[in-house]
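Bear in mind these aren't lab numbers, they're just calculated from the coordinates by the rules spelled out. None of these values were measured; they are calculated from a predicted model.
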Amino acid sequence: MQVLYKSTRGNGETVTASQAILKGLSEDGGLFVPTRIPDLDVPMERLAEMTYQDTAYEVMSRFLTDYTEEELKNCIARAYDSKFDTEEIAPLHKADGAYFLELFHGATIAFKDMALSILPHLMTTAAKKNRTDKEIVILTATSGDTGKAAMAGFADVPGTKIIVFYPKHGVSPIQEKQMVTQKGNNTYVVGITGNFDDAQGAVKRMFNDRELAEELEAAGYQFSSANSINIGRLVPQIVYYVYAYGKLVKSGEIQAGQEINVVVPTGNFGNILAAYYAKLMGLPVNRLICASNENKVLFDFFRTGTYDRNRDFILTSSPSMDILISSNLERLIYRLTGENAKKCREFMEALSRGGEYTITEEMREGLGDFYGNFCSEGETREAISATYYGSGYVIDPHTAVAAGVYQKYLRDTGDDRATVIASTASPYKFTRSVMDAISDRYQGLDDFALADALSALTGVKVPKAVEEIRTAPVLHDTVVDAVEMPSAVKKILGIG
Ligand SMILES: *Cc1c(COP(=O)(O)O)cnc(C)c1O
């Protein structure tokens, strides 16, 4: 049966999956949601035996119904290949009474790779299906991680170019090195002298600039976005929850049909929303445990029903969760309103006007599937060290926020069901915070020396992603002011 997509702020008008992926965001400012959530009508015994790629096909084909079997299998094969350092793609690691679902075995050793390695293929296939012969130009502003993962996904994908802007003085030395050494004939990296908000603002203005769009079109290009609100990123994230469940059944850790809990370290609410969609498809999930760092807007929302972004922005050791507006929450709000686009729009307009909204009592009753909590910086460090000294397993600060919140959940509820913790980054990506949490004898080492020390501690080889940038040549050295970004884009594309 066909699944179409409609906007959370629209009039009910629908588009196909491939059109939704090409557009990214709906023109009315809303997010695309499926008109119905398909059933996971595959017997658990079969799921348990499947490879990651087969599971991906079973899950994604039910959502992206206008892609042919051949098209989808092709996208999957190109995405989940030797870019990942394990054939399992997303292995489970049992430690400390929980199952860590390692989503960091891709090109940039963080979970964004899970979706960004397939998005370029879904997008170029969508362009062909919809007979757009334009070359797709991805524009992204990044505060560090997303830009690199998007480039790794789009590098050398025919029919695409990707331009990434980053704040020249606002990313870590390893993050900058990762970006400026990016290979690929279609990748462009530009440092800007402003901050992340300047870069993000200028990118948004370029997306809305009619004149620029016409110039691009005349030259055979069209802009698109690899932003986390694209359903082409959401749907591939449902896959690994289904896969993990199958693996738990296969290894006899749980019986088919038995409910599990899922803990997700959360920022933009994309990853946990994917777990929620897996539950709605019929995957036996009990609670979705939403873990926040000190930017605990979501914890407060689950506790009080009020979403309030009016607070100080706190820089933490889990920077990918330093977010005050969780864009993907809009999809849950829409569902809680009983799919009432008008009400959803009102909440979102209140958020952009005054920075807050409060949902109704009736809507709060729909939140029973979720449990929210948060970890302070001290609790995050404590979770890293407790996991290491308890089981010899080293986790990164984002995963540690989830592990710490899981302990709070156990204390609050006594619910000791089998639990999967989404492990969103390799500890090698955040060696400084990780090693300092384990011992104070690593202070003073540089980032690469820290990686070697971590390797000595765990016996896990330094990942290729870190090894490569030690010696890689700098290939991008353009730096411009934020106001010059549109002319930088035109120069790259050879127009104007
Ligand atoms: C992006 C990211 C998150 C947050 O995921 P959301 O889908 O934005 O909630 C958590 N951890 C890491 C390492 C990330 O890169």
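Before moving on, here are some points about what is shown:
- Whichever aspartates and glutamates have a C-alpha closer than 12 Å to that of LYS168, once near sequence neighbours (fewer than 8 apart) are set aside: GLU176, ASP198, ASP477, ASP481
- Unsatisfied cross-links (Cα-Cα over 22 Å) in the set LYS23/LYS161; LYS6/LYS129; LYS73/LYS134; LYS94/LYS250; LYS94/LYS408: LYS73/LYS134
- Counting DSSP beta bridges with both ends in the chain, the antiparallel % (nearest 5): 25 percent
- When the inverse distances between all different Cα atoms of the chain are averaged and flipped, the Kirkwood radius reads 23.1 angstrom.
- Excluding same-chain neighbours fewer than eight residues apart, the aspartates and glutamates reachable from LYS279 by a Cα-Cα span under 12 Å are ASP39, GLU259, ASP369.
- Cα gyration tensor, the range 174-217 - rounded (a/c under 1.5), prolate or oblate: oblate
- Candidate lysines for bridging to LYS464, where Cα separation is under 18 Å - those fewer than 8 sequence places away on the same chain excluded: LYS83, LYS112, LYS148, LYS177, LYS183, LYS429
- Theoretical ellipticity at 222 nm over the chain - DSSP helices of four or more residues, -39500 (n - 2.57) apiece, nearest 500: -13500 deg cm²/dmol
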